[in-house]
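Engineer: My structure is below; once you've seen it, I'll send some questions.
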Amino acid sequence: DQASMIVVVSDVLKNNLVKDGIPESKILVNPNGVEIEKFTTNSTVDEVKERYNLNNKFVVGFIGTFGKWHGVIELAKAAVDFFKRFPEHASNVRFLIIGHGKLFPQAEEIIQCSPDSDKIILTGSIPQQEGPAHLNSCDLFLSPHIKNPDGTKFFGSPTKLFEYMACKRPIIASELDQIGEILTHGENSHLVEPGNVNQLVEAIDKLIKDSDYCNKLGQGAYDLVTKKYTWDSHVDHILEKFSSIIK
């Protein structure tokens, strides 16, 4: 109550504070963002591709902490189902799943039971400074977030989303709360129903086969993130809000 201004990363968090009696005028919604330069100037991509045998492959990427809302179980199922349904991609497509966390063992088990497990790479935890190179080794990104099990709204603002956008690559994402509000289907992303493994698999196949669509979505995502979701622009929003409060 003593704060002059409160910054939150989503409208859901703002609404929760308002319900608790915090004046709406005190609250600024600033989604997470990205430092563009970290993801556009990277010299170690070749090293990462060599490490995971990704040269001359179409790489479908994901990065995250394997939380229950990240959709990693659905992601693992989609990767396995993808090679079952589209065996013609077995020689040219690889999944690069980056990170570790609570649901990692479950995701790993699903993948290890597949005859195509060698095509689905689980990197485990990596040093944070290696993140940009790993992401820039990918040709397509996945953000398969799912709804909260208790029915409450998804309150997050996934940093991965803005990092994906900064890499100027196409994104397949769940149409879920802030993700679906920031991204526009067919312009800067391909949106699917949260938790729908079948839609996710079909979307991956569609984008792999359509380079023009991929280029359009990647450029659209990059244009949006550079315009609205850099950390510099977020600092500007905070200073503007603070100035208006002082006045």
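The values are calculated or read from the model by the stated rules, or taken from the named source; none is laboratory data. From a predicted model like this one, the values you see are computed outputs, not experimental measurements. We place every Cβ from the backbone using ideal geometry, glycine too, and count neighbours over all the protein chains shown. Please note that ligands, DNA and RNA were not included when accessible areas were found on the heavy atoms of the full protein model with its side chains. Shrake-Rupley method; radii C 1.70, N 1.55, O 1.52, S 1.80 Å.
Engineer: Output the residues belonging to the range 14-44 that are more than 18 Å from Leu239 (Cβ to Cβ) and of a type in the set (A, V, I, L, M, F, W, C).
Structural biologist: Residues satisfying the conditions are Leu17, Val18, Ile22, Val34, Ile36, Phe39.
Engineer: Okay, moving on. Can you tell me which of (1) open to solvent by 10 Å² or more (accessible area, probe 1.4 Å); (2) hydrophobic (A, V, I, L, M, F, W, C); (3) touching a strand residue (DSSP E or B) at 6+ places or on another chain (Cβ under 8 Å) is the one Cys113 doesn't meet?
Structural biologist: (3)
Engineer: Hey, another quick one. Within the range 110-130, work out how many residues are under 27 Å from Tyr222 (Cβ atoms) and assigned to a helix (DSSP H, G or I).
Structural biologist: 3
Engineer: Taking the range 83-109 as the search range and keeping residues that are buried (at least 18 other Cβ atoms within 10 Å of the Cβ) and among the aliphatic types (A, V, I, L, M), which one is farthest from the chain's Cα centre (by Cα)?
Structural biologist: Step by step, filter the range 83-109, then rank; the result is Val93.
Engineer: Continuing with this model, one more query. For residues in the range 154-180 being more than 23 Å from Ser137 (Cα to Cα) and touching a residue at least 60 places away in the same chain (Cβ under 8 Å), which is nearest to the chain's Cα centre (by Cα)?
Structural biologist: Restricting to residues being more than 23 Å from Ser137 (Cα to Cα) and touching a residue at least 60 places away in the same chain (Cβ under 8 Å), the top hit is Ser157.
Engineer: On the given criteria, is Val9 at pLDDT 90 or above, buried (at least 16 other Cβ atoms within 10 Å of the Cβ) and touching a strand residue (DSSP E or B) at 6+ places or on another chain (Cβ under 7 Å)?
Structural biologist: No; evaluated as a whole, the condition is false for this residue.
Engineer: Just one of Lys247, Lys227 is modelled with pLDDT of 95 or more and either under 18 Å from the mean Cα position of the chain (by Cα) or open to solvent by 20 Å² or more (accessible area, probe 1.4 Å) (or both); which is it?
Structural biologist: Sole residue among the options that is modelled with pLDDT of 95 or more and either under 18 Å from the mean Cα position of the chain (by Cα) or open to solvent by 20 Å² or more (accessible area, probe 1.4 Å) (or both): Lys227.
Engineer: Quick check: anything in the range 18-35 closer than 30 Å to Asn215 by Cβ, open to solvent by 30 Å² or more (accessible area, probe 1.4 Å) and not β-branched (Val, Ile, Thr)?
Structural biologist: Yes; the residues of the range 18-35 include at least one that is closer than 30 Å to Asn215 by Cβ, open to solvent by 30 Å² or more (accessible area, probe 1.4 Å) and not β-branched (Val, Ile, Thr).
Engineer: Next up: Quick one: in the range 54-64, of everything that is in contact (Cβ under 8 Å) with a residue 24 or more places away in the chain and either farther than 19 Å from Lys160 by Cα or surrounded by fewer than 20 Cβ atoms within 10 Å (Cβ to Cβ) (or both), which residue is farthest from the chain's Cα centre (by Cα)?
Structural biologist: So the residue we want is Asn56.
Engineer: Of the residues that sit in the range 215-235 and are among the polar types (S, T, N, Q) and in a helix (DSSP H, G or I), which one is farthest from Ala76 (Cα to Cα)?
Structural biologist: Ser233
Yes or no, residue by residue, for (1) touching a helix residue (DSSP H, G or I) at 6+ places or on another chain (Cβ under 6 Å); (2) on the phi < 0 side of the Ramachandran plot:
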| site | (1), (2) |
| --- | --- |
| Arg94 | yes, yes |
| Pro127 | no, yes |
| Ala133 | yes, yes |
| Ser137 | yes, yes |
| Lys147 | no, yes |
| Ile179 | no, yes |
| Gly186 | no, no |
| His190 | yes, yes |
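Engineer: Continuing with this model, one more query. Could you look through the range 73-122, keep only residues that are in contact (Cβ under 8 Å) with a residue 60 or more places away in the chain and of a type in the set (A, V, I, L, M), and pick out the one that is nearest to His145 (Cα to Cα)?
Structural biologist: Step by step, filter the range 73-122, then rank; the result is Leu75.
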